[in-house]
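Beneath this line is the structure, given in structure tokens, with notes to follow.
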Amino acid sequence: MSAQLWDPNSEPQGDSQQGAPPRPAHPPRTAPGEPTDAATGPAAAGPFQPAQPDRPPEPPQPPPWPQRVVPLQPSGRTEFQPAPAYPPQPVGPPVQDGNLAPLRIPTARQEDGSAADRMRIGLWGAPRSGKTTYLAALPLAAIQYQRHEEGNWLIGGMTGESSGFLNDSVTKLTIERRFPSATTGLEGMSWSFHGQEPGTGMMRKRLREASFVLEIQDAPGEAFVPSNPLHARVIDQLARAQGLIYLFDPLGDAQKDTHSLTFFFSTLNELHNRIRNAGTHDRGRLPHHVSVCIAKFDHPEIFQPAVEAGWVTQDTVGAQLPRVPAHLADGYFQWLCNDYRGATARLVRDGLAAYFHPERVKYYATSAIGFRLNPQHIFDYRNYANVEIVNGEPRICTSPEPINVLEPLTDLERRMRTSGNGRKVRPW
């Protein structure tokens with residue numbers, strides 16, 4: 001009889017079952033120092049658990065936080081203790097500019113001039129009073145200044161648009177012999193002025209050095225009535241200005257659509273209200289210095305009556321140009337308002353005297369294009385009108401010789417710099 005083999009899949013019958021072979025013995029596999037059980041063998045091993053190879057014990061791992069050594073007294077022993085944890089830090093804003101250097105406040109460009117030598121001038125006048133033509137004649141008047149007076153003036157544009165206006169003006173007036181187009185919007189310009197001119201008072205024999213930056217806006221005459229959309233911006237500009245150039249047109253004042261008073265009083269009244277509300281009145285009046293340019297002095301309807309009334313003198317050298325002397329200009333304006341123009345002109349005169357300090361208002365007989373000159377470049381009373389009509393369009397006959405175009409501006413700058421007693425004008 002063959003020996004009975006043991007089937008590992010059969011149910012164990014125990015040692016009491018007869019004929020069953022004994023369960024094969026497994027040698028104990030215990031790690032060094034592992035406890036054993038006398039009945040069942042190693043404590044962690046089951047009857048069918050595979051044997052594990054012997055492995056050396058793993059070294060202790062340091063804790064995940066920094067440690068420091070602290071000596072213990074008095075035995076001098078040391079042990080490791082965890083460092084104190086830092087409090088949680090607030091989350092900062094997201095970095096948008098990387099590691100860029102801090103940005104400082106912007107400063108004005110050197111060529112723009114400092115705030116001390118900048119001045120804002122408001123240009124004011126009815127439609128067709130010649131505001132744009134007056135500005136266009138400024139560079140010509142500066143070029144020709146040394147021909148009529150001691151000294152010299154240079155004008156330069158501070159921006160591309162300002163330089164373009166100067167260049168186009170000289171070309172249009174001298175080469176094309178045309179008047180500039182009427183302004184339709186609010187155009188701001190900035191020009192630099194550098195010059196020498198005769199001094200005043202005890203210093204009249206010495207040339208005065210002058211340098212300033214002019215900020216001016218050219219607005220259409222229609223903007224000086226409240227119904228115009230540009231009216232509020234024009235009032236803002238006049239209120240911020242330190243000085244005003246007012247162009248009074250004796251010819252336009254005689255026409256209903258261009259009455260000076262229509263575009264004068266409403267603007268003056270609103271300007272007064274704006275200055276009063278801002279608390280910048282000067283002894284109850286507007287603080288501005290004003291240059292009143294009595295325009296179109298060259299026109300025969302203005303010039304001939306002025307000659308007959310005795311207001312005009314004539315130079316004896318050079319082109320022998322006619323002029324109204326500076327000391328007679330105030331009387332010349334009074335004569336125009338009282339005897340020549342009429343009631344509306346008198347109200348303009350009275351408004352200037354009431355709203356501004358009389359000592360801060362000066363008058364000039366002005367012509368942007370001057371008189372026609374003969375081939376020898378000399379004034380001839382028999383033929384002096386400098387405008388003719390060609391194909392229904394006004395044209396300038398000879399090269400313009402502006403009269404009292406630069407002086408109202410440079411005098412205004414000097415009066416704004418110093419008051420009547422020689423002290424500096426305080427900014428207001």
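By per-residue mean of other Cβ atoms within 10 Å, what is the highest-first order of 397-410, 229-242?
On the way: 397-410: 22.6, 229-242: 17.2.
Final packing ranking: 397-410, 229-242.
Amide H neighbours of Asn386 under 5 Å, at least 5 residues apart or on other chains, H built in the peptide plane: list them.
Arg372
Say each of Glu150 and Thr184 gets a label point 7 Å from the Cα, pointing the same way as Cα to Cβ; how far apart are those two points in nm?
4.9 nm
How would region 113-417 be classified by its alpha-carbon gyration tensor: rounded, prolate or oblate, with rounded meaning a/c under 1.5 and the a/b versus b/c comparison settling the rest?
On the way: a/c = 1.32, a/b = 1.19, b/c = 1.11.
Judged from the Cα gyration tensor, region 113-417 comes out rounded (a/c under 1.5).
Need one number: nm distance between label points at Asn391 and Asn228, each 7 Å from Cα along Cα→Cβ, rounded to one decimal.
My value for the distance between the label points is 3.0 nm.
Can you give me the orientation-averaged projected area of the convex hull built on the Cα atoms of region 253-394, in nm²?
The orientation-averaged projected area of the Cα hull of region 253-394 comes to 10.8 nm².
Once you compute Rg and the Kirkwood Rh from C-alpha atoms, what is the Rg to Rh ratio for region 173-310? Spell out each step's value before the answer.
Details: Rg = 18.2 Å, Rh = 18.1 Å.
My calculation of the ratio gives 1.01.
Per residue of region 332-344, what does 6.51 cos²θ - 1.76 cosθ + 1.60 with θ = phi - 60° give for ³J(HN,Hα)? Whole Hz please, x for Gly and Pro, Karplus curve as stated.
Calculated HN-Hα couplings, in order: 4, 5, 4, 5, 4, 6, 7, 9, 9, 8, x, 5, 5 Hz.
Need the full-extension length gain, Arg283 to Leu251, defined as separation in residues times 0.36 nm minus the C-alpha distance. One decimal, nm. Can you show the working numbers first?
Numbers: separation 32, 0.36 × 32 = 11.52 nm, distance 3.45 nm.
Gain in length upon complete extension: 8.1 nm.
Pop out the ³J(HN,Hα) list for region 154-164 in order, Karplus 6.51 cos²θ - 1.76 cosθ + 1.60 with θ = phi - 60°, rounded to Hz; leave Gly and Pro as x.
Here the 3J(HN,Hα) series is 10, 10, x, x, 8, 10, x, 5, 5, 5, x Hz.
Would you please give the residues with an amide H less than 5 Å from that of His289, counting only those at least 5 places away or on a separate chain, with H modeled from the backbone geometry?
The answer is Leu244.
Once fully extended, how much extra length lies between Asn374 and Glu301, figured as 0.36 nm per residue of separation less the alpha-carbon to alpha-carbon distance? Numbers along the way, then the final one.
Values: separation 73, 0.36 × 73 = 26.28 nm, distance 2.06 nm.
24.2 nm is the gain from fully extending Asn374 to Glu301.
So how do Ser260, Ser181 line up by other beta-carbon neighbours within 10 Å, fewest first?
Details: Ser260 25, Ser181 8.
Ascending number of Cβ neighbours within 10 Å: Ser181, Ser260.
Across region 282-298, in residue order, what do the Karplus-derived ³J(HN,Hα) couplings come to in whole Hz, using 6.51 cos²θ - 1.76 cosθ + 1.60 with θ = phi - 60° and x for Gly and Pro?
Rounded to whole hertz, the list is 10, 6, x, 10, 5, x, 6, 8, 10, 10, 9, 9, 7, 6, 6, 4, 7.
Of Lys172/Lys362; Lys296/Lys362; Lys172/Lys296; Lys172/Lys205, which ones are farther than 25 Å apart at the Cα? Before the final figure, lay out each step's value.
Values: Lys172/Lys362 30 Å; Lys296/Lys362 17 Å; Lys172/Lys296 19 Å; Lys172/Lys205 37 Å.
Table pairs above 25 Å Cα-Cα are Lys172/Lys362; Lys172/Lys205.
Would you calculate the separation in nanometres between label points at Asp350 and Arg104, each defined as 7 Å from the Cα along the Cα-to-beta-carbon direction?
5.8 nm
Report the calculated FRET efficiency for Glu359 and Asp339 (r = Cβ-Cβ distance, R0 = 35 Å), to the nearest 0.05. Don't skip to the answer; put the middle values down first.
Details: r = 25 Å, r/R0 = 0.71.
So, using R0 = 35 Å, E works out to roughly 0.90.
Computed from the coordinates by the stated procedures, all read-outs in this text should not be read as laboratory data. All of these numbers come straight from a predicted model, not from anything done at the bench. So basically every Cβ, Gly included, is an ideal-geometry build from the backbone, and we count neighbours across all protein chains shown.
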